[in-house]
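The structure appears right after this line, and notes come after that.
The values are calculated or read from the model by the stated rules, or taken from the named source; none is laboratory data. Model, not experiment: these values are computed from the prediction. Neighbour counts are summed over all protein chains in view; Cβ atoms, including those assigned to glycine, are modelled from backbone coordinates with ideal geometry. Areas reflect the complete protein model, heavy atoms only, side chains present, ligands, DNA and RNA absent. Shrake-Rupley method; radii C 1.70, N 1.55, O 1.52, S 1.80 Å.
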Amino acid sequence: MSQYPQYNVNNEHQLIRRQNTYVLDRKLVTIHSEDRDTSKWPNSNHFEVELPSTLLNVQSMRLVEIQLPANQYVFSNNQQNTKIQFQLIPNVSTQSIIYIALANNINNPYTLTIQEGFYSPDEMANELQNGMNNAVTDFLMTDPSAASIGATYSNFKVRYDRVGQQMFFGNTYDNFKLQFNVKIDYDVPCSAIIGDNQSANVWEQNANWGLPAYLGFQKSEYTTTETSGNVLFNYDVSNIWLTPDPTYTPPGFDTFCYYVAGPKTISMFGDSAIYMEFDKFNTMDELKPYVERTNQTYNNDYNGRINSVFAKIPVTPGGQNSQIFDSRNGFLQNVSQYHPAIDKIKKAKFKFRYHDGRLVDFKDNNFNFTIAFNQLKDEIARDYVVRVPEEYRL
């Protein structure tokens, strides 16, 4: 007789190994920017919240809906794109006090700072024109002789060419230079820069490096074109934009006007996408912008970021109403899957930035979004036969 136990292999009721069967349970969590502790997270572009309940065995997540304020600032001090410098080269004038004051300051640049916000091209042209004239007027007020006669300045004209989509700077009497090759310093608070993705100084970038870049200019010094005739646009011949002003021209002198045209089209409407980071749970890869030495063997600056983004959100700045995006309209195709599943999630930390790392300046406007957390829940498998009434198929 065999010493090993005998089994009845002809048993019709063999043991069947239990299957690991799970159901995917979807938990929607809605989060508002005002849910954050403002004493710890003063800015809505970077904050952390504690979830109402601990989520277990999270297999995947998705941003299913987000409502963002449309009135986002494109131009702000934190974005380092609100200033330009120019130099005025005055011509001889019968207004001798003003001419002497300006001539004595010929080697010192004037700095214009625009108001923070969002601009249409025509609004930007008006802001620049008034700002340049005010910058010169403010200087004249510091000169005792010019201030004593209440001297003002109004010779600068700025025009947006709606057809060519270029910005034109002009002066009806004096020559000038646009010093866009000079780095302008900004006082940016540390709280506006989070992480090593954002450059502390945008001047080093080859795009979005300052206000001139948005106006269609490069990092160069621009000298003017001189003309004794009128400057106008053929699609608007009834309105002469720039004409020489002979009011204060001394006898025997010719009168000219001067202008500079932007070499490129304007790019004033901000970024077309906002990147949402979900701390520890990002799954989207991203390339590093502003590289310049990708073909070099040494000091090659090609770089990419692994798992740097949770969701990419298309935006159209400049509207008056909030923008709503959801996963059903095809714009949000951001599904993050995790293998193995995440054991538990209790807190959620978010950051909203642009591709180059600049934080979105919401100016504390409230917004909200919804994230779907798909959890694996153990269950005993059951086969259900469900009849759906025809009137439910709506």
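Residue count for the range 350-367 satisfying the condition of being in a strand (DSSP E or B) and either free of Cβ contacts under 8 Å to residues at least 60 places away in the same chain or of a type in the set (A, V, I, L, M, F, W, C) (or both): 3. Would you check if L51 is touching a Pro at 6+ places or on another chain (Cβ under 6 Å) and open to solvent by less than 70 Å² (accessible area, probe 1.4 Å)? Taking the combined requirement at face value, the residue does not satisfy it. When you scan the range 142-153, do you find a residue that is touching a helix residue (DSSP H, G or I) at 6+ places or on another chain (Cβ under 8 Å), under 21 Å from F217 (Cβ atoms) and in contact (Cβ under 8 Å) with a residue 24 or more places away in the chain, even just one? No: zero hits. Among the residues of the range 78-129, those that are of a type in the set (F, W, Y), within 36 Å of the chain's Cα centre (by Cα) and closer than 19 Å to Y258 by Cα comprise F86, Y110. Criterion applied to Q72, Q95, Q79 was being within 30 Å of V182 (Cβ to Cβ) and open to solvent by 50 Å² or more (accessible area, probe 1.4 Å), and the one residue passing it is Q95. Just one of the numbered conditions (1) of a type in the set (D, E, K, R); (2) at pLDDT below 95; (3) crowded, with 21+ Cβ neighbours inside 10 Å is not true of E65: (3).
If you go through the range 220-271 and pick out every residue that is hydrophobic (A, V, I, L, M, F, W, C), within 17 Å of L128 (Cβ to Cβ) and assigned to a loop (DSSP other than H, G, I, E, B), you end up with 4.
When residues in the range 142-161 are screened for being part of a loop (DSSP other than H, G, I, E, B) and either surrounded by 13 or more Cβ atoms within 10 Å (Cβ to Cβ) or touching a strand residue (DSSP E or B) at 6+ places or on another chain (Cβ under 7 Å) (or both), 6 of them pass. Restricting the range 271-305 to residues that are at pLDDT 90 or above and among the β-branched types (V, I, T) leaves a set whose member that is most open to solvent (accessible area, probe 1.4 Å) is T283.
Under the condition of being modelled with pLDDT of 95 or more and touching a Leu at 6+ places or on another chain (Cβ under 7 Å), the residues counted in the range 174-201 number 2. Could you tell me whether any residue of the range 103-125 is touching a residue at least 24 places away in the same chain (Cβ under 8 Å), surrounded by fewer than 18 Cβ atoms within 10 Å (Cβ to Cβ), hydrophobic (A, V, I, L, M, F, W, C) and not in a loop (DSSP other than H, G, I, E, B)? Checking the range 103-125: not a single residue is touching a residue at least 24 places away in the same chain (Cβ under 8 Å), surrounded by fewer than 18 Cβ atoms within 10 Å (Cβ to Cβ), hydrophobic (A, V, I, L, M, F, W, C) and not in a loop (DSSP other than H, G, I, E, B).
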